[in-house]
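Working notes for the structure below.
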Amino acid sequence: MFEGFSQETVDFMWGIRFNNEKSWFEAHKESYQTCFLQPMRELGGQVQAALLEQFPKCGLNLKVSRIYRDARRLFGRGPYKDHLWLSLFRFGNESGGHPVLWFELAPEGWSYGMGFWEADPLTMEKHRARIDRDPKPLLRLHNRLAKQEEFTLQGPDYKRPKPCGEPRLSVWYNKKSLSIGHEEELTELLYTPALADRLRSGFAFLMPYYEYFSTLWADPDPRVPFSREKKVPKGS
């Protein structure tokens with residue numbers, strides 16, 4: 001059961017940020033495993049179980065990130081991350097076409113929410129095409145989001161706005177990728193079991209958004225013109 005993170009968790013994150021090398025990590029590996037990785041796994045497992053109980057058909061899988069960076073993509077950085085995240089998702093991967101529910105802990109603070117890590121262009125084309133076809137479902141979600149203060153719509157915008165037929169959804173329409181998230185400093189909540197309840201409650205609110213965006217991959221490719229199948233004359 002998740003009991004909360006600790007000051008040792010925070011000390012480790014700052015330590016690896018300023019001592020990002022194998023010798024330091026190996027000397028503090030036990031601290032990483034017991035005060036960072038294990039609590040993260042416990043938090044994820046507890047929140048996953050609660051959501052599966054509340055939403056029996058959601059079928060969410062749990063993944064906790066590795067601390068090791070991909071050696072092919074270091075770009076001058078050290079071999080370790082100074083943050084970890086957990087993600088909950090229905091499909092077998094976390095590609096740019098599928099959203100996730102996430103929680104991330106870093107030295108400066110933590111965040112959680114729902115969205116795409118980096119949505120691929122086709123996914124966002126389908127997103128806009130769905131708004132063009134029927135804006136009402138997303139408009140209901142838009143209005144629902146506006147009535148609360150925990151989460152905000154996030155993500156980079158196009159420099160040149162794309163015209164949207166439903167002006168109220170223009171802010172959604174013009175995202176290159178999108179998420180609905182909350183960011184917070186390292187408050188006392190982080191060190192208590194109540195963090196799991198906060199995430200469960202927040203993810204429960206986000207489930208309708210997750211359901212909406214998790215089906216985008218199955219929408220038709222809007223770049224391919226629709227053509228009716230030609231009828232074959234009888235006797236041919």
GNM on the chain, Cα springs under 10 Å; top mean-square fluctuation among K176, K159, K81 goes to K159
Phi-based couplings in Hz for segment 104-114 (Karplus 6.51, -1.76, 1.60; Gly and Pro marked x): 10, 10, 10, x, 8, x, 9, 8, 8, x, 9
On full extension of the chain, what length is gained from R90 through E30, given 0.36 nm per residue of separation minus the C-alpha to C-alpha distance? 18.4 nm
Quick one: what are the phi-derived ³J(HN,Hα) couplings along segment 133-138, Karplus 6.51/-1.76/1.60 with θ = phi - 60°, whole Hz, x for glycine and proline? 6, 7, x, 4, x, 6
In the structure displayed, which of K126/K147; K126/K175; K29/K81 lie more than 19 Å apart, Cα to Cα? K126/K147
Please give the calculated 222 nm ellipticity per residue for the chain, where each DSSP H segment of at least 4 residues contributes -39500 (n - 2.57) and the sum is spread over every residue; nearest 500 deg cm²/dmol? -11500 deg cm²/dmol
What are the residues whose amide H is under 5 Å from the amide H of T192, where those residues sit 5 or more places off or on another chain and H is modelled from the backbone? F5
Karplus ³J(HN,Hα) for segment 183-195 (6.51 cos²θ - 1.76 cosθ + 1.60, θ = phi - 60°; Hz, whole; x = Gly/Pro) runs 10, 8, 6, 6, 7, 4, 4, 4, 9, 10, x, 5, 4
Points 7 angstrom from Cα along the Cβ direction at E108 and A49: gap in nanometres? 3.5
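Every read-out reported here was derived from the displayed coordinates using simple, explicitly stated rules and does not represent laboratory data. Since we're looking at a predicted model, the values are computed, not measured. Glycine also receives a Cβ, built like all others from the backbone with ideal geometry; neighbour counts cover every protein chain displayed.
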